[in-house]
Each structure stands twice: as structure tokens, then as C-alpha cells.
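Enquirer: Take a look at this one; I'll ask things after.
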Amino acid sequence: QKEVEQNSGPLSVPEGAIASLNCTYSDRGSQSFFWYRQYSGKSPELIMFIYSNGDKEDGRFTAQLNKASQYVSLLIRDSQPSDSATYLCAVNPSTEKLTFGTGTRLTIIP
Amino acid sequence: GAGVSQSPSNKVTEKGKDVELRCDPISGHTALYWYRQRLGQGLEFLIYFQGNSAPDKSGLPSDRFSAERTGESVSTLTIQRTQQEDSAVYLCASSPFRRARSTDTQYFGPGTRLTVL
């Protein structure tokens, strides 16, 4: 079992709709959870982090964490074409390093 | 201040040659990470520095790979006797590493695209 799993996609969402990205992780001791966005040919950039169960909202983005079920998700409301990218989930498995998922490729259809 | 910088941005080399990749972290960031990303793949952890020491080298794929960090600042990743499978983007990230919190955001550099012919 991979430490951090994401559906590779591609996930296609109409412009203006809600995009839902999911991630599961295997280490129950994980403390911190991150979502990065990576445009093609560019380096990852941080969107949000979360470390408490529940929802965390920042603008059009909402991160949701459920430690009992070991999943973390990212919702993007009012999806825009500029949101088209690969979204990487990263988990801090009780150590100083992050473990990344392979990413979900999201395409927003105008 | 400035973000994480890496050099060179692109490197083309012949199989069997040695290469050095450089990373300049954000000033004051004590933690520094190296990752490899092959085309269309996720991030593969290589090595992590806390200060100048490397407590976790578990991701280095072979003894051809080594890294060092000096002055709690610049880091160099060296690949000896490069092979075609070493072709990838090598990403460096830094973080402030506040031990009081397990949450530490990593900020990525633009990467070095290595092509081994």
C-alpha cells in the first residue's frame, strides 16, 4: 500500500462547478497535511495546510481532514480554467519530511 | 526576501559524466529537502538536511548520489557517473522547521531539469 494515495485522474470539471480532490494516507501518526498545486513545467506551490479534523476554508478552497478515516480532501468552488493543474497531497508522517502522493490532474472545462 | 533558487535551470550531460546541482534556500530556513520528479510522476524524496547535517538520506537511489550543505545555507546535490534514468527535474525545498510544531510548510525552488544523453 502506498503511503499517500491519490486518484491520478484526469478529473474534468465544468467551469463554475465544484472540484473535489481526495487523498488517503496510511500512517495514523501523521500530523500535518498539505495541498500543493503544480502547473505543467513548474514547481509545486502551497495552497493550504490542515492539521485538525474538520474543514479549513481559504477563499475558494476548502481542505477537509478526517483522521479516523485517514483521508484529506480539497474542494475548489467556482472552478476557473486557471485552476487546471496537478494537485499534490502531502502528509507529514510523524517525521520532518513530507510524503507526497503522485497527484491528481485537474482540468476545468470552459 | 527572495524565494528558493536553484541552478542551473537546465543541464544536459552525457552518460557517465558527473553533475552538480545547487540550491539556495530561503534565508533563515534551517531545513532543506531534495526531491526528484520524473516526467509525469510524483515527487520522490531524496534527502533532508536540518542545519548542515542530513538525518535522513533514505531516499538517495544509489551511492552515485550525494549531497552536502554548508553554512546552514547552500546545498549541492552531486550525481556521479550519470545514467539515462537519472533524467528528471530535481527540486529543492526549504522550510523554517519550528520544532514546536509538526506543521512546516515547504517552499519549492524552480527546479533543475537534468537530461542525460
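The values are calculated or read from the model by the stated rules, or taken from the named source; none is laboratory data. Not measured: the values here are computed from a predicted model. Cβ sites come from the backbone with ideal geometry, for glycine too, and all protein chains shown count toward neighbours.
Enquirer: Considering the range B:8-23 alone, what residues qualify as being within 21 Å of B:Leu60 (Cβ to Cβ) and either in a strand (DSSP E or B) or of a type in the set (Lys, Arg) (or both)?
Expert: B:Lys11, B:Thr13, B:Lys15, B:Lys17, B:Val19, B:Glu20, B:Leu21, B:Arg22, B:Cys23, listed by residue number.
Enquirer: If only one of A:Ser40, A:Ser12 is exposed (fewer than 14 other Cβ atoms within 10 Å of the Cβ), in contact (Cβ under 8 Å) with a residue 12 or more places away in the chain and under 25 Å from B:Cys92 (Cβ atoms), which one is it?
Expert: Answer to the selection: A:Ser40.
Enquirer: Could you tell me which residue of the range B:30-62 is farthest from the other protein chains (Cβ to nearest Cβ), considering only residues that are hydroxyl-bearing (Ser, Thr, Tyr) and over 28 Å from A:Tyr39 (Cβ atoms)?
Expert: Among those that are hydroxyl-bearing (Ser, Thr, Tyr) and over 28 Å from A:Tyr39 (Cβ atoms), it is B:Ser62.
Enquirer: So, one more: Does B:Ser5 count as of a type in the set (Gly, Ala, Ser), surrounded by 14 or more Cβ atoms within 10 Å (Cβ to Cβ) and either closer than 22 Å to A:Thr99 by Cβ or within 14 Å of chain A (Cβ to nearest Cβ) (or both)?
Expert: Against the criterion (of a type in the set (Gly, Ala, Ser), surrounded by 14 or more Cβ atoms within 10 Å (Cβ to Cβ) and either closer than 22 Å to A:Thr99 by Cβ or within 14 Å of chain A (Cβ to nearest Cβ) (or both)), B:Ser5 qualifies.
Enquirer: Write out, first by first residue and then by second, each pair whose Cβ atoms fall under 8 Å of each other, whose residues are 6+ apart or on separate chains, and whose first residue, in the range A:51-64, is farther than 22 Å from A:Ser82 by Cβ while the second is outside any strand (DSSP E or B).
Expert: Matching pairs, first to second residue: A:Tyr51/A:Gln31; A:Tyr51/B:Ser102; A:Tyr51/B:Thr103; A:Asn53/A:Lys67; A:Asn53/A:Ala68.
Enquirer: Within the range A:71-90, restricting attention to residues that are outside any strand (DSSP E or B) and crowded, with 17+ Cβ neighbours inside 10 Å, which residue is nearest to the other protein chains (Cβ to nearest Cβ)?
Expert: Checking each candidate, the answer is A:Ser84.
Enquirer: Determine if the range B:92-106 includes at least one residue that is modelled with pLDDT of 90 or more and in a loop (DSSP other than H, G, I, E, B).
Expert: No, the range B:92-106 contains no residue that is modelled with pLDDT of 90 or more and in a loop (DSSP other than H, G, I, E, B).
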